[in-house]
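The values are calculated or read from the model by the stated rules, or taken from the named source; none is laboratory data. What you see is a predicted model, and the numbers here were worked out from it, not measured in a lab. A quick note on method: Cβ atoms are made from the backbone with ideal geometry, for glycine too, and the neighbour counts reach across all protein chains shown. Accessible surface is based on the protein model in full, side chains and every heavy atom, while ligands, DNA and RNA are left aside. Shrake-Rupley method; radii C 1.70, N 1.55, O 1.52, S 1.80 Å.
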Amino acid sequence: MTTTSASSSLKPSGQRVPYRPPTRSRDRARAAFNSRILTWLAIGIFLFLYLPIIVLVIYSFSGARNVGVWAGFSTRWYAELLGDRALIAAFRVSLWVAVWSTLIATVLGTLAALALERYRFFGRLTFDTALYLPIIIPDIVMALSTLLFFVTFAVPLSRYTILVTHVAFNIAFVAVVVRARLAEMDSSLEEAAADLGANAWTAFRRVTLPILMPGIVSGALLAFTLSLDDFVITFFVAGPGSTTLPVRVYSMIKFGVTPEVNAISTLMLAGSTVLVVISLLLQRR
Amino acid sequence: MTDSFRVELLDVTKRFGDAVAVDALTLQVRDGEFFSLIGPSGCGKTTTLRMIAGFEQPTDGRIFIGGQPVEGIPAHQRPVNTVFQNYALFPHMTVAQNVAFGLEMQKVAAPDIKQRVAEALELVRLPQMAERKPRQLSGGQQQRVALARALVNRPQVLLLDEPLGALDLKLRRAMQIELKHIQSDVGITFIYVTHDQEEAMTMSDRIGIMNEGILQQVGSPHEVYEKPVNRFVADFIGETNFLPATVARLETEEDYPMVALQGGVKVLAANEGHDLQLGRPVTLTIRPERINLYPQGEVDVLKAESGLEAEELARILGAKLPGAVDMKEFLLAEPENVVLDGVLEEAFYIGTDTRFRVMLEGGASLVVRQQNYGSRYDMPFDVGSHVYVQWAAENAQILIE
C-alpha cells in the first residue's frame, strides 16, 4: 500500500485539484448559510415537539363540543372537570400513590445511593446493576413482570399494588440523581466533621444530608412526576376501584375524545412542567 | 512513656493489603513543638498523620496522645484537629458556622461559642468574613478559616496535611511565616506534613524525614542539613554532591579519617559515628555552597585580577603587602583544608550566586555555588580555566550506603 500512496504524490500536476486559497468573503457567506440552516432546523424540531401540545392547550379553552372545532374562548370544560366525580376520584388515587411512593422511594433511593457510593461490600456491582434496571427495561416488561408476580403470589390488585410498583421504579430514579450529587461531594468533608467531634449520625445530619438535599429534593420531584404520569405499568397492576388519572383519561378516550380530556391533559402538563423545572433548578445549585 | 511527649508512636506499622505504607515507625513529638514529617509522595507521611487523627487504624504498634493510648478511640473522640489539604470547609455553612462546628459538638454554651469564634477569626485576621460562604473566599482565606476551625477547639495536637499545597509561591511563603507565628502564639503542638523540604525547614523545630514507609532521620533543620544520616536524607534536604570513595586510612593527625576518591586522590572527611573499615566503599557528601574556588599559581597581591582591592585581598589571604602568595601553599596552611586541582566546565549565573560545574583531578565532577557579592568582589573565572577546589574536611561527610 505504501507504493500506491508514494506514486499518488508523483502524479502529474495537471491531475491535481488546483488549490484555491479560502477567501474571507466566501468563508463568511458559508458561515452565515450554516447558521441560518441551523436556526430553521432548531425551529422545526421545536414545532414538531410542541405544536401538538400547543394545539391541545388551545382547544381545551374552546367552547365547542367537538374536538378540533373552535367556538370561542370558554372555561366550560374546566368547570365540567370539577363536576366529574369519577375523574376527581381517579385524581385522588393518583395523588395518594404519587405522594406515598415518592416518600418511600426517596428514603430508600437515598440510602441505596449512599451505600453504593460510600461503601465497598460483597455483591455491590450486582446491586448497582440491578438497581438501575427499572430505568432501562421497557415499561411493558416491567408491567407484565410485576403483574405476573402479584398473580403468582395471589396478591389482590389494589391501590397498594400500584404503590409497590411505583416505589420499585422510583427508587432507581432517586438513586441516580442522589448519587450524582454524592459523587461530586468531597468525602473529606465527612472526615472533617468527625475530626471536629461529630459522631457518624451527627456528621450525616449536619454535613452530608444538607449537602445532598438539593439532589434528594430533585430526585423526589422527579419520582413524583413519574408516578403521577405513569400509564403503562399502572394500567397492568391497577385493581378495580383503584383507577389513576392517566388510566381514567385512557378509558374516557375510548368513548371518543372530548374537550374535557384536553382540559385535564393541560392541567397535568402544567403540573408536571412546574415540578420538572423545580427539579432542574435544584440540581443546578 | 514520658509525659513530656505530646504524641508518641511506638513501632507503628500500617499495611494496605500487601503494601506496607508505614513500617515500624517510632516517633516522639514534644509538647508545644512544631514538628514536620516530610518525604516524597507515597512515603507514608500522610498515612502516619491519618493514624494519629484516627482516620486509619495501625496494623501494628501503639499510638499515645498526651500520654493516653488511643487505639480503638474513633476520630471524633480524639483530642486532635486536622487542617485538610483541600481545607474541607463545609460549603453550606458560613465561615462563622464552620468555625463554631467543633465547639457545638463539645456542647460549649452559645455565648462562649460566639466569643471564641470571634477570637479565632481574629487570630487568622479574618473577622470581617464571618458571614461569608467558603466559596466566596480566596484560597488563602479558605486556608485560614480551616486553621481557625481547627484551632478554636484548643486541641492537644494540630495536624496539618500539606495545607499550603494549593497556594501560589508568594502566598505560601507569607503563610509559612504566619503559621509559625500563630503556632508560637497558641503554643499548641503542630504536626505538619509536606513534601516541600524548604517549607519544613522554615517553620519546624524538628523534622522527620520518611522514605518508603521508614523514618530515616529526626532532627532540627540544622541537624538534618548538616549531618544527614544517609544518602536519601542528604539528597532530599537541600542540594548536595555525592562522590564515590573508599576508606584509605582510619586515623590521621587531624583526627579525620582519609578516603580515596575516584582516580586515587586521597582526602580527609568527617565521619559521624559510622563503623569504618579500611577499603570499605563509602559516599562523600559535600554541599555546593561549602566548596570554594581559587585561582591557581602565584598570586601577586598587588596585580591580582580578582576584582578585589589589593588591601582586601591581602587581608583575605593573610599576605603582607607588597608580596606574592602561592595559592595552594596558602590554602594548605590550614591542615584540615582539602585542596584539589579542577577544571571549570560550566558556569551558570543565577543572580544570588553562580553555579559552576568543576571536573576534579581523578575525574569526579562537582557542583559548586559561589555567592555573588557584587561585581567588584566576584572572582572572574572563565570556563576551561584551571582552579583550586577547596573545602574544609568537616564539610565532606562520609555516608554508608
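Listing for the model above:
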quantity: Condition broken by A:Thr208, with the remaining ones in (1) within 14 Å of chain B (Cβ to nearest Cβ); (2) open to solvent by 20 Å² or more (accessible area, probe 1.4 Å); (3) touching a helix residue (DSSP H, G or I) at 6+ places or on another chain (Cβ under 7 Å) satisfied; calculated: (2)
quantity: B:Arg154 being of a type in the set (D, E, K, R) and more than 15 Å from B:Ala100 (Cβ to Cβ); calculated: no
quantity: All positions within region A:182-205 that are away from chain B (no Cβ under 12 Å) and surrounded by 17 or more Cβ atoms within 10 Å (Cβ to Cβ); calculated: A:Leu182
quantity: Top-ranked residue in region B:35-57 [being touching a helix residue (DSSP H, G or I) at 6+ places or on another chain (Cβ under 8 Å) and within 14 Å of chain A (Cβ to nearest Cβ); ranked as surrounded by the fewest Cβ atoms within 10 Å (Cβ to Cβ)]; calculated: B:Gln57
quantity: Candidate set: region B:169-183, residues that are among the charged types (D, E, K, R) and surrounded by 13 or more Cβ atoms within 10 Å (Cβ to Cβ); chosen: the one farthest from the chain's Cα centre (by Cα); calculated: B:Glu178
quantity: Condition check for B:Glu336: at pLDDT 80 or above, in the same structural domain as B:Phe381 (by TED's automatic domain parsing), more than 14 Å from B:Val387 (Cα to Cα) and of a type in the set (D, E, K, R); calculated: yes
quantity: Selection from region A:204-249 of residues that are within 16 Å of the chain's Cα centre (by Cα) and not in a helix (DSSP H, G or I); calculated: A:Asp230, A:Phe231
quantity: Residues located in region A:116-128, provided they are within 17 Å of A:Ala183 (Cβ to Cβ) and out of contact with any helix residue (DSSP H, G or I) (no Cβ under 8 Å at 6 or more places or on another chain); calculated: A:Tyr119, A:Arg120, A:Leu125
quantity: Filtered residues of region A:250-285 (kept if part of a loop (DSSP other than H, G, I, E, B) and more than 20 Å from the chain's Cα centre (by Cα)); calculated: A:Lys254, A:Phe255, A:Gly256, A:Val257, A:Thr258
quantity: Per-region count, region A:33-76, residues part of a helix (DSSP H, G or I) and basic (Lys, Arg); calculated: 2
quantity: Residue in region A:159-181 that is within 14 Å of chain B (Cβ to nearest Cβ) and touching a residue at least 12 places away in the same chain (Cβ under 8 Å) present; calculated: yes
quantity: Matching option when the condition is more than 12 Å from chain B (Cβ to nearest Cβ), under 20 Å from A:Leu87 (Cα atoms) and at pLDDT below 95, among A:Leu221, A:Leu226; calculated: A:Leu226
quantity: In region B:183-242, residue nearest to B:Arg290 (Cα to Cα) [restricted to those that are among the small types (Gly, Ala, Ser) and in a loop (DSSP other than H, G, I, E, B)]; calculated: B:Gly238
quantity: Whichever residue in region B:133-142 is in a loop (DSSP other than H, G, I, E, B) and under 19 Å from B:Asp168 (Cβ atoms) and, among such residues, is least open to solvent (accessible area, probe 1.4 Å); calculated: B:Leu137
quantity: Which listed residue is within 14 Å of chain A (Cβ to nearest Cβ), over 33 Å from the mean Cα position of the chain (by Cα) and either surrounded by 14 or more Cβ atoms within 10 Å (Cβ to Cβ) or outside any strand (DSSP E or B) (or both), from B:Val108, B:Val99; calculated: B:Val108
quantity: Flag if A:Phe173 is in a loop (DSSP other than H, G, I, E, B) and either touching a strand residue (DSSP E or B) at 6+ places or on another chain (Cβ under 7 Å) or more than 30 Å from B:Val83 (Cα to Cα) (or both); calculated: no
quantity: Pair list, Cβ under 9 Å, 6 or more apart: region B:110-134 residue in the same structural domain as B:His92 (by TED's automatic domain parsing), other residue surrounded by 19 or more Cβ atoms within 10 Å (Cβ to Cβ) and among the hydroxyl-bearing types (Ser, Thr, Tyr); calculated: B:Pro134/B:Tyr87
quantity: Residue check for A:Ile162: β-branched (Val, Ile, Thr), part of a helix (DSSP H, G or I) and surrounded by fewer than 19 Cβ atoms within 10 Å (Cβ to Cβ); calculated: no
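Condition check ((1) closer than 23 Å to A:Glu184 by Cα; (2) touching a strand residue (DSSP E or B) at 6+ places or on another chain (Cβ under 7 Å); (3) modelled with pLDDT of 90 or more; (4) part of a helix (DSSP H, G or I)) across all residues:
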position: A:Ala113; (1), (2), (3), (4): yes, no, yes, yes
position: A:Asp128; (1), (2), (3), (4): yes, no, no, yes
position: A:Ile135; (1), (2), (3), (4): yes, no, no, yes
position: A:Val141; (1), (2), (3), (4): no, no, yes, yes
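Listed here are the residues, each with its yes/no results for (1) farther than 17 Å from A:Ala198 by Cα; (2) among the aliphatic types (A, V, I, L, M); (3) open to solvent by less than 10 Å² (accessible area, probe 1.4 Å); (4) within 14 Å of chain A (Cβ to nearest Cβ).
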{"position": "B:Thr59", "(1), (2), (3), (4)": "yes, no, no, no"}
{"position": "B:Gly67", "(1), (2), (3), (4)": "yes, no, no, no"}
{"position": "B:Pro74", "(1), (2), (3), (4)": "no, no, no, yes"}
{"position": "B:Thr82", "(1), (2), (3), (4)": "no, no, no, yes"}
{"position": "B:His92", "(1), (2), (3), (4)": "no, no, no, yes"}
{"position": "B:Leu103", "(1), (2), (3), (4)": "no, yes, yes, yes"}
{"position": "B:Gln115", "(1), (2), (3), (4)": "yes, no, no, no"}
{"position": "B:Arg125", "(1), (2), (3), (4)": "yes, no, no, no"}
{"position": "B:Glu131", "(1), (2), (3), (4)": "yes, no, no, no"}
